[in-house]
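Read through the structure below, which is laid out as structure tokens, and then see the notes.
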Amino acid sequence: MSRVNRRTLVRRPSPRLAEGLVTHITRSPVDPVLALAQWEGYVAALEAEGWETVEVAPQDDCPDVAFVEDTVVVYGDLAVIARPGADERKPETAGTEAALVELGYRIARIEAPGTLDGGDVLKHDGTVWVGLGGRTNPAGVEQLATLLAPLGATVLGVPLTRVLHLKSAVTALPDGTVIGHEPLVDDPTVWESFLPVPEEPGAHVVLLDAETVLMSTNAPRSRALFEERGLRVVAVDIGEFEKLEGCVTCLSVRLRG
Ligand SMILES: CN(C)C(=N)NCCC[C@H](N)C(=O)O
């Protein structure tokens, strides 16, 4: 497989984005033109930070296709193609698989009756936590555990009832501290080191390097908290995607050589 160090998959929003699924929040109107501009800003921010972006082929008939994170779990040289818990999103995985085959990844797939969304999967240092209770089912977690065991990963199911995906509730800072907005986290004691953040969008970071995180502009107090800890923050406005229960993690899949 090719060995570019900092590369990330992204997928252009569908013109039907406004029809995307909403589960835990009230639907509000989404402006597809503004959303496209925000997505371009997100991609530009990744590129400005030295990440090469690889665009998965567009799929305009799938409203939620920009949330490419949900279609795959990449671990080392293995791409585990997800089986989305929402039927409307199942057709999205083929394009992601084609892009990862092209990049030289080994491919495995979550098979029925398993379901698993990539947004439910949080990885840090050999441990893989998977949110259970929403789009991902126990069979999906078991299959992921079997596929990742030879790569040395330990997969743990964790309860999830309050938000769409595990990564809607928590993500991890570069040092492994797990961050979350407590009212939305089922059980913060799952993680040895848990840091509560004051805003819901403050729970979501994409790690750009050991000192830098990408996050939403909608969480200024959480941003200040991270900066106090010595992190550099790159903030992007993804407000139109947040109206569809998206966050910064959902819009890309980091691949490391
Ligand atoms: C971590 N998160 C939140 C994600 N990876 N995905 C968000 C998907 C949102 C989409 N409207 C849906 O309902 O599927």
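Of 168, 222, the sequence from fewest to most neighbouring Cβ atoms within 10 angstrom is 222, 168.
The convex hull defined by the C-alpha atoms of the chain has an orientation-averaged projected area of 11.9 nm². Within the stretch 198-257, the proportion of Cα pairs with more than 17 Å between them is 35 percent.
The alpha-carbon of residue 167 sits under 19 angstrom from the alpha-carbons of these lysines, leaving out residues fewer than 8 places away in its chain: 123, 243. DSSP finds beta bridges in the stretch 1-99, and of those with both partners inside it, around 45 percent are antiparallel. Placing a label point 7 Å from the Cα of residue 182 along the Cα-to-Cβ direction, the residues of the stretch 221-242 whose backbone N falls under 18 Å of that point are 221-223, 225-226. Based on DSSP H segments of at least four residues, each scored -39500 (n - 2.57), the chain has a per-residue ellipticity at 222 nm of -6000 deg cm²/dmol. Screening the chain for whole DSSP H helices of 20 Å or more along their axis (Cα) with average Kyte-Doolittle hydropathy at least -0.5 returns 32-48. The distance separating the Cα centre of the stretch 175-243 from that of the stretch 115-152 comes to 21 Å.
Computed about its Cα centre, the charge dipole of the stretch 204-257 is approximately 140 debye, with only Lys, Arg, Asp and Glu carrying charge at their Cβ. Relative intensity of the stretch 1-75 on a log10 scale, I(q)/I(0) at q = 0.14, 0.24, 0.28 Å⁻¹, equals -0.52, -1.20, -1.37, per a Debye sum over C-alpha point scatterers of equal strength in the absence of solvent.
Here is the list for the stretch 191-257: trypsin sites (Lys or Arg not before Pro) lying in DSSP coil, each with at most 12 other C-beta atoms within 10 angstrom of its C-beta, are 229. Which FRET efficiency value, to the nearest 0.05, is calculated for residue 224 and residue 98 with the Förster distance at 41 angstrom and r the Cβ-Cβ distance? My answer for the efficiency is 0.50. Put simply, the convex hull of the Cα atoms in the stretch 108-178 casts, on average, a shadow of 4.5 nm².
Just how many % of Cα pairs in the stretch 151-257 lie over 16 Å apart, if you round to the nearest whole percent? Everything past 16 Å amounts to 57 percent. For the stretch 188-215, backbone nitrogen atoms closer than 16 Å to the point 7 Å from residue 235 Cα along Cα-to-C-beta are found at 197-206, 213-215. Applying a DSSP loop filter and a limit of 16 other Cβ atoms within 10 Å to the GluC sites (Glu not before Pro) in the stretch 9-80 leaves 49.
Bear in mind that the values in this text are calculations on the coordinates, not laboratory data. Because the structure is predicted, anything quoted here is derived from the model rather than measured. When we count neighbours, we look across all protein chains shown, and the Cβ atoms used for this are built from the backbone with ideal geometry, even at glycine.
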